[in-house]
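A.B. asks: Below you will find the structure I want to go over with you.
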Amino acid sequence: MYIGLGIVLLVLGAIFAFDVITVDIPGIDQGALGWILLAAGVLAILLSLVMRSRTRPTGFTTTRSEQVDPASGSRIEETHVDPDRRI
């Protein structure tokens with residue numbers, strides 16, 4: 001999810017750091033802003049990859065079965081819950 005944001009920050013950081021476009025922002029050093037944006041882009045990409053590898057499916061799986069006992073005619077319902085099963 002944050003990989004796209006990281007790429008955008010990398011592109012903007014490269015534009016400012018390597019003076020591709022000269023923009024006069026009073027009180028802000030354009031080169032420093034570019035390196036900060038580059039670092040933020042790398043950090044966003046790395047964090048998104050780390051968080052993606054740590055995700056685990058949440059929830060559980062249920063299996064329901066319903067049968068009618070032929071001898072007594074009563075209904076038998078079973079529900080099995082498996083919290084560890086990967087979805």
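Residue-wise test of (1) under 21 Å from the mean Cα position of the chain (by Cα); (2) of a type in the set (D, E, K, R); (3) part of a strand (DSSP E or B); (4) at pLDDT 90 or above.
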site	(1), (2), (3), (4)
Leu33	no, no, no, yes
Leu47	yes, no, no, yes
Ser53	yes, no, no, no
Gly73	no, no, no, no
Glu77	no, yes, yes, no
Val81	no, no, yes, no
Asp84	no, yes, no, no
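A.B. asks: Can you name the number of the only condition in (1) under 30 Å from Pro83 (Cα atoms); (2) open to solvent by less than 100 Å² (accessible area, probe 1.4 Å); (3) of a type in the set (S, T, N, Q) that Gln30 fails?
C.D. replies: It is condition (1) that Gln30 fails.
The values are calculated or read from the model by the stated rules, or taken from the named source; none is laboratory data. Computed from a predicted model, the values in this text were never measured in an experiment. Just the protein is used for accessible areas: all its heavy atoms, side chains included, with ligands, DNA and RNA removed. Shrake-Rupley method; radii C 1.70, N 1.55, O 1.52, S 1.80 Å.
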